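The structure appears below as structure tokens.
The values are calculated or read from the model by the stated rules, or taken from the named source; none is laboratory data. It should be emphasised that the depicted structure is a prediction, and the values quoted were computed from it without experimental measurement. Cβ placement follows ideal geometry from the backbone for every residue including glycine, while neighbour counts extend to all protein chains displayed.
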Amino acid sequence: MKYNQVIKKLKALANPEKVAFKAKKFNIVSNKSLGVYHKDLKVLAKEIGTNNDLALELFDSGIYEARLLCSKIFKAKDVTNELAEKWVKSFENWEICDSFCMGLIAKGPLAKKKIVQWSKRKKEFEKRAAFATMAAYCMADKKAENEVYENFLPIIKAAATDDRIYVKKAVNWALRSIGKRNIDLNKLAITTAKEILEFDSKAAEWIAKDAIKELEGDGVNILDYPRSVYRP
């Protein structure tokens, strides 16, 4: 499928009412948005298939939904540092941040590097990107040893006092994801949450209490990765 064909399909799906609805309901505010739901983009992405060149053309169009589509048809293994930095600087809301982080960055070769780098960023969605990637990496690399995730915990603690809503929610998400990877990381994540609870910060208090509630809950679904260790 060619670039002009994709743009034509996107414009055929356009609905300005959806732009307003997403802004009001989900606080997804975006520039040059056509008003196409994520589920419709998934269908279109499946129809297109993987296509790096087309993905980059779509991103450079500046159209919000075309950029979301880029995150769905680019090959994660081909993500370069230059592309990751170009993309992260464009994130304007949680939807596009998470789409790139979950779909590409966490599954690509730069995941751990970008988690460390982006966790130190000042801008809200660049910093969120670190923790959205971290949360997604818990499932993206099923063979990673516990040490990888143990090294993420100090990064979580360092960001736990950031009271910006889309940062603290991602920090909480990352902590809960680590705590559900296996029984040993569950214990470490709970211990980390209890340490965060001691911080003099409303953001830290919310992050910690919410994580403890889920990770100590009866219904928590603790996985068994890496399976070479937890399901030998």
Margin query: Checking V29 against (1) under 15 Å from the mean Cα position of the chain (by Cα); (2) surrounded by fewer than 22 Cβ atoms within 10 Å (Cβ to Cβ); (3) outside any helix (DSSP H, G or I); (4) not charged (D, E, K, R): exactly one of these is not met. Which one?
Written below: (1)
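Name the one entry in S61, S71 that is hydroxyl-bearing (S, T, Y) and closer than 26 Å to K112 by Cβ. Steps first, answer last, please.
Numbers: S61 fails: closer than 26 Å to K112 by Cβ.
From the options S61, S71, the qualifying one is S71.
If you take just the helices (runs of 4 or more DSSP H) that sit entirely in the range 125-232, which of them hold at least 2 residues that are β-branched (V, I, T), buried (at least 20 other Cβ atoms within 10 Å of the Cβ) and touching a Lys or Arg at 6+ places or on another chain (Cβ under 6 Å)?
Result: empty, no element qualifies.
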Margin query: The conditions are (1) more than 18 Å from E124 (Cα to Cα); (2) at pLDDT 95 or above, and P232 fails exactly one of them. Which is it?
Written below: (2)
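Taking the range 81-120, which residues are part of a helix (DSSP H, G or I) and small (G, A, S)? Please lay out each step first, then the result.
As a first pass, look at the range 81-120 and keep what is part of a helix (DSSP H, G or I): 81-88, 94-105, 111-118.
The answer is A84, S99, G103, A111.
Checking the condition at pLDDT 95 or above and more than 23 Å from G108 (Cβ to Cβ), which residue from I73, I48, I63 passes? Walk me through how you get there before you give the answer.
On the way: I73 fails: more than 23 Å from G108 (Cβ to Cβ); I48 fails: more than 23 Å from G108 (Cβ to Cβ).
None of the others qualify; the one that does is I63.
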Next item on the list: Please work out if I155 is β-branched (V, I, T), within 21 Å of K107 (Cβ to Cβ) and under 17 Å from the mean Cα position of the chain (by Cα).
Entry: yes
Checklist line | Pairs where the first residue, in the range 57-69, is of a type in the set (K, R) and the second is buried (at least 24 other Cβ atoms within 10 Å of the Cβ), C-beta under 9 Å, 6+ apart | finding: R67/L58; R67/F100
Next item on the list: Could you look through the range 33-75, keep only residues that are of a type in the set (V, I, T) and crowded, with 20+ Cβ neighbours inside 10 Å, and pick out the one that is farthest from A14 (Cα to Cα)?
Entry: I73
Next item on the list: Could you check how many residues of the range 109-138 are more than 13 Å from the chain's Cα centre (by Cα), closer than 21 Å to N52 by Cβ and not hydrophobic (A, V, I, L, M, F, W, C)?
Entry: 2
Next item on the list: Could you tell me which residue of the range 6-26 is farthest from the chain's Cα centre (by Cα), considering only residues that are under 12 Å from A66 (Cβ atoms) and part of a helix (DSSP H, G or I)?
Entry: K8
